[in-house]
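The values are calculated or read from the model by the stated rules, or taken from the named source; none is laboratory data. Small disclaimer: the values here were computed from a predicted structure and weren't measured. Counting neighbours? That spans all protein chains shown, and the Cβs are built from the backbone with ideal geometry, glycine included. Side chains are part of the model used for accessible areas, which takes the heavy atoms of the whole protein and leaves out ligands, DNA and RNA. Shrake-Rupley method; radii C 1.70, N 1.55, O 1.52, S 1.80 Å.
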Amino acid sequence: LKPRRPRGRALLRPLSARLRAPLGAQRRSDSEAQVAVATMGQEKAGELTLSATGAVQQCEGDWDGEQEQVAAAAWRVLREAKHLLAPNETLKRITVSFQGKDYVLTGKDSQYYVVRWTQ
């Protein structure tokens with residue numbers, strides 16, 4: 001059974017609209033997504049909360065003293081990614097893998113979150 005490629009007017013719809021779950025299906029919550037990642041052999045090692053200026057507001061978990069360096073790098077990635085988006089687009093998630101760890105960046109204009117996952 002091969003998946004169908006969208007044709008005609010279906011191609012004009014945004015990708016997000018084409019990827020929505022079918023009617024009646026429930027979307028995963030953030031906690032369910034975290035459980036799904038954890039079951040893939042990764043554990044949540046820490047979480048940073050960044051302000052709209054990139055300053056660390058809250059730090060949880062094990063960061064090995066690297067929270068300021070990770071926050072600065074995450075803020076740089078977010079700042080560069082914003083320039084790639086059209087004015088009506090929003091950033092959902094960025095994942096960066098580095099030295100056996102995954103860093104997931106999420107958030108909106110006033111607060112951003114950096115979650116560190118280890119294998």
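General observations
- Taken over the range 76-107, the residue count meeting the criterion of being in a strand (DSSP E or B), without any contact (Cβ under 8 Å) to a residue 24 or more places away in the chain and not aliphatic (A, V, I, L, M) is 4.
- Filtering the range 79-119 to residues that are at pLDDT below 85 and either touching a helix residue (DSSP H, G or I) at 6+ places or on another chain (Cβ under 7 Å) or of a type in the set (Gly, Ala, Ser) (or both) leaves Ala86, Leu91, Gly100, Ser110.
- Counted residues, the range 48-62 - those being under 16 Å from Trp75 (Cα atoms), modelled with pLDDT of 90 or more and open to solvent by 40 Å² or more (accessible area, probe 1.4 Å): 5
- Some residue of the range 80-91 being surrounded by 14 or more Cβ atoms within 10 Å (Cβ to Cβ) and at negative phi: yes
- Residue within the range 23-46 that is modelled with pLDDT of 55 or more, in contact with a strand residue (DSSP E or B) (Cβ under 8 Å, 6 or more places away or on another chain), among the polar types (S, T, N, Q) and assigned to a loop (DSSP other than H, G, I, E, B) present: yes
- Single residue of the range 63-78 satisfying the filter (farther than 12 Å from Leu105 by Cα and open to solvent by 90 Å² or more (accessible area, probe 1.4 Å)) that is modelled with the lowest pLDDT: Asp64
- Criterion: touching a residue at least 12 places away in the same chain (Cβ under 8 Å) and touching a Leu at 6+ places or on another chain (Cβ under 7 Å) - qualifying residue of Gln42, Gln57: Gln57
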